[in-house]
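In what follows, a single structure is set out as structure tokens and then discussed.
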Amino acid sequence: MSEISRRSFFDRMTDGLYGVALTSLIGQQALRAAEKQPFHPAPIPENLAPKRPHFTPRATSVIHLCMQGGPSQVDLFDPKPALKKFHGKTAPRELTGNAVFEKDRTGKLMQSPFEFKQHGKAGAWVSDALPHLAQEVDEMTIVRSMYNVHPNHEPAIYKMQSGQTFPGHPVFGSWITYGLGNENQNLPAYVVLADPSNRLPTNNVDNWMSGYLSPLYQGTRMKATGSPLLNLAPDYASVDQVARTKQDLLKQLDRLHQKQRPGQMELEARIQNYEMAANMQLEATETLDISQETPETLAMYGIDEKETDSFGRRCLLARRLVENGVRFVQLYTRGQIWDNHSNINKSLRTACGQTDLPIAGLLKDLRQRGLLDNTLVLWGGEFGRLPTAQITSAAKMNVAGRDHGPYGFSAWMAGGGVKRGLVYGNTDEVGYASVENRVSIQDWHATILHLLGMDHEKLVYERNGLGERLTHQFPTRVVHDIIA
């Protein structure tokens, strides 16, 4: 063994002291970093079994009435006397701030062609374009101060659905089913009732895609007439016991196949969807059979009336689906009937005429059956409309429409733990932008999750080392003022 000189001894001892000090510093930094980390819950099992929420929920299911196109707030729920005063005139700067209007538009303020009256115990203002919903305002919280971040349909719809203005992220219906699963294992957790003419809404199937979540949580499109799903009924009759034995054998083979290929979300989703399809052959057909309803109920939804039949059938199916344990149901109108760029007096009345009676019927039906207390009903578009006329000539004010207005618009909620008969927030004097109790899209999402018993900061999906969530990293608040 070689001798250790005095100098080498102290050199080695210094290295050791440096090492101890470095280890201590790293440990302290790691501890401080851990204390700042957001709460990441255990991974949610990848299945549609019912899951426990973070706290006691006020709602257990959601019906989203998706009014794509941008319903005009100043013609439906947000009357503005200043529009009548300044009709045909350039908007005063003190009323519109720094708004910049397109060069080929006159930017003239346009009064609403609709008459407003107060309704219900709370005296909420609703225009005569919605005579049936006006009778249901005591069930609603009308939020007049919503705002979006983009003036074009596609990005604004992505924002409304997923919290981001571009595709690839899960929509909020997928987040809800990811967090809560489904009460009925024989029906999809997330059902989409789109227009039966097979015209997909703007952004197509991205409206109900699950993004980086498992495909288990994406929406399942069903039809309101005929067979709800293609190939739902078997091609030939089979003895029940034989059919069950075949299904059991298929399940065993599927699980054996899956065990040899762990971590493949698409495979797991495909297997579970096949199993659900077998269960749906009976239950889905029964659930969507509205012939069991009374003539009075059908009339309540406007079924068999030319103007309201299509949307009325879907509203009735939405009630039957949540009644049978479906977690999230989303309804779309035909195309963008709310995108009223011209002749708003006629085009907005058409949109309201197709939807007003069916939606009022839905609220009445849910209330009468005791379902409204735990069913959250949402109504709204991706944005509203500007208070100015979209015209190239002042002589055409009588046939003018309105351009996209993301800066302030109206939406409403009903049932599921929200206050009844409340009007929340305000836009400026002409309805251009929200100015009081402003509600962003992420605030809206967080409030919906809260009503369902979920904390938006704890509903997390681990992806590439990040804790992804519906509200992303945007400043977000739960709007407690509208919760009963």
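The values are calculated or read from the model by the stated rules, or taken from the named source; none is laboratory data. Bear in mind that the values here come from a model prediction, so they are computed numbers and not experimental data. For neighbour counting, all protein chains shown are included, and Cβ atoms are generated from backbone atoms with ideal geometry for every residue, glycine included. Protein only, heavy atoms only, side chains kept; ligands, DNA and RNA dropped before computing areas. Shrake-Rupley method; radii C 1.70, N 1.55, O 1.52, S 1.80 Å.
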* Separation of segment 448-465 and segment 338-353 by C-alpha centroid, Å? -> 37
* Entries in 117/364; 159/364; 51/364; 51/159; 108/396; 84/117 that, when Cα-Cα distance is taken, lie over 19 Å -> 117/364; 159/364; 51/364; 51/159
* **Residue-normalised accessible area of segment 42-97, given per residue in Å² at a 1.4 Å probe** => 46
* Hz values of 3J(HN,Hα) by residue in segment 137-148 - Karplus curve (6.51, -1.76, 1.60), Gly and Pro given as x -> 5, 6, 8, 9, 10, 9, 9, 8, 10, 5, 8, 10
* Return one whole number: the accessible area per residue of segment 353-484 in Å², for a 1.4 Å probe. => 34
* Positive minus negative residues near residue 319 (Lys, Arg vs Asp, Glu; Cβ under 13 Å) -> +3
* Structure fact -> Net charge near residue 329 (other residues with Cβ under 12 Å of its Cβ; Lys, Arg +1; Asp, Glu -1) is +4
* Using a 1.4 Å probe over the heavy atoms of the protein chains, calculate the carbon and sulfur portion of the accessible area of segment 383-468 as a whole percent. => 45
* To do: Could you check how much of the accessible area of segment 109-233 is carbon and sulfur, as a whole percent, using a 1.4 Å probe?
  => 49
* Phi-based couplings in Hz for segment 407-419 (Karplus 6.51, -1.76, 1.60; Gly and Pro marked x) -> 7, x, 8, 10, 8, 9, 10, 8, x, x, x, 8, 5
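Rank 481, 138 by accessible area, highest first, at a 1.4 Å probe radius?
Final ranking, largest accessible area leading: 481, 138.
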* Heads up, I need the accessible area for residue 261: 1.4 angstrom probe, whole protein in place, Å², nearest 10. => 90
* Using amide H atoms built 1.01 Å from N in the peptide plane, name the residues 5+ places from residue 423, or on other chains, whose amide H lies under 5 Å from its own. => 142
